[in-house]
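Q: The structure that follows is given in the form of structure tokens.
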């Protein structure tokens, strides 16, 4: 089968679709799988070994995207997330079997629809995505090996330690405050710094703060407040190289956003913060890592001191283990 799988939104949304790609490719290796993705995930998808080809969903030039899809002559498509633009695109491409969740008006453009009612949050987003495979592969086992991305980060961590003069004996505990994106629940900057200071007191731990291109104001604020040994790291390279680096970290502490999902796909231990409503909770947006590596906390905008102390105590348990 020549199969197109689409997920044309943000980094985290694409990551929680990777189990779908991997389960199909592992169990049906003759299937050629092409990913249709947004610009931010294009190079990332090209570096994943269970994805055979990648097409850019160019929202500014959908005519070119349509022509490329037509040239590939796909037998079927699976769309983990749909909107009208995508629906029209795949309908015009004349792919015979077009699978999608039965949601929104865009479902009219698909001929194999799956009723999921994701708003009820009966399972995680990645589980809902996996379920779509059954429409094309009746006997598929909805399992996948973890880590989802089995990658070698030895070179990345070696360069990282050399650049920041971090001894090999030290485990790396990273914090990613990340106030942008789709995050709804998060610690305050001051509470991130409190946690980081606690971790920094351990002789065998090096604390790192990571920042994306949109986090520079947050970086400046944290740098002005930190009075202990910390490495400040801007992730400006490729997503796949950041994944390789994350795979070598002992612990990654962040809000529910793209970097959290990247840490999850390489099975790094996480402490993660989510909104306290069902739609934003870990019940829906948990990472694709092993459950034992997840430490998930739902936070309201005005979370209590008791909730902070619960997180602090969990951090202490992990770093003292």
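Q: Check region 137-146 and report whether any residue there is in contact with a strand residue (DSSP E or B) (Cβ under 7 Å, 6 or more places away or on another chain) and over 22 Å from residue 285 (Cβ atoms).
A: No: region 137-146 contains no residue that is in contact with a strand residue (DSSP E or B) (Cβ under 7 Å, 6 or more places away or on another chain) and over 22 Å from residue 285 (Cβ atoms).
Q: Something else about it: For region 103-113, what are the residues that are modelled with pLDDT of 95 or more and not in a helix (DSSP H, G or I)?
A: Scanning region 103-113 gives 110, 111, 112, 113.
Q: Then there's this: In region 1-37, which residues are in a loop (DSSP other than H, G, I, E, B) and either out of contact with any helix residue (DSSP H, G or I) (no Cβ under 8 Å at 6 or more places or on another chain) or within 26 Å of residue 138 (Cα to Cα) (or both)?
A: 1, 8, 9, 16, 17, 28, 29, 30, 31
Q: Between 101, 29, which is crowded, with 20+ Cβ neighbours inside 10 Å and either at negative phi or not assigned by TED's automatic domain parsing to the domain that holds residue 266 (or both)?
A: Of 101, 29, the one residue that is crowded, with 20+ Cβ neighbours inside 10 Å and either at negative phi or not assigned by TED's automatic domain parsing to the domain that holds residue 266 (or both) is 101.
Q: Just checking, does region 297-315 include any residue being closer than 21 Å to residue 17 by Cα and either modelled with pLDDT of 95 or more or touching a helix residue (DSSP H, G or I) at 6+ places or on another chain (Cβ under 8 Å) (or both)?
A: no
Q: Can you report the number of residues in region 205-221 which are in contact (Cβ under 8 Å) with a residue 24 or more places away in the chain and in contact with a strand residue (DSSP E or B) (Cβ under 6 Å, 6 or more places away or on another chain)?
A: So the count comes out to 7.
Q: Let me ask you something else. Among the residues of region 246-258, which ones are crowded, with 24+ Cβ neighbours inside 10 Å and within 24 Å of residue 204 (Cβ to Cβ)?
A: 246, 252, 253, 254, listed by residue number.
Q: For the condition outside any helix (DSSP H, G or I) and surrounded by 13 or more Cβ atoms within 10 Å (Cβ to Cβ), what is the one hit in 78, 68?
A: Just one listed residue meets the conditions, 78.
Q: Given the conditions (1) surrounded by fewer than 16 Cβ atoms within 10 Å (Cβ to Cβ); (2) within 20 Å of residue 294 (Cβ to Cβ), which single one is not true for residue 213?
A: Failed condition: (2).
Q: Just name the residue that is nearest to residue 74 (Cα to Cα) out of those in region 86-101 that are touching a strand residue (DSSP E or B) at 6+ places or on another chain (Cβ under 9 Å) and either part of a helix (DSSP H, G or I) or without any contact (Cβ under 8 Å) to a residue 24 or more places away in the chain (or both).
A: Top of the filtered list is 96.
Q: Another question, if that's okay. Give me the residue from region 32-46 that is out of contact with any strand residue (DSSP E or B) (no Cβ under 6 Å at 6 or more places or on another chain) and closer than 27 Å to residue 284 by Cβ and, out of that set, surrounded by the fewest Cβ atoms within 10 Å (Cβ to Cβ).
A: Filtering first and then ranking leaves 39.
Q: A further question follows. Residue under question is residue 43, and the condition is that it be part of a helix (DSSP H, G or I), closer than 28 Å to residue 242 by Cα and modelled with pLDDT of 95 or more; does it hold?
A: yes
The values are calculated or read from the model by the stated rules, or taken from the named source; none is laboratory data. None of the values given here were measured: they were computed from a predicted structure. Please note: Cβ atoms are built from the backbone with ideal geometry, for glycine as well, and neighbour counts cover all protein chains shown.
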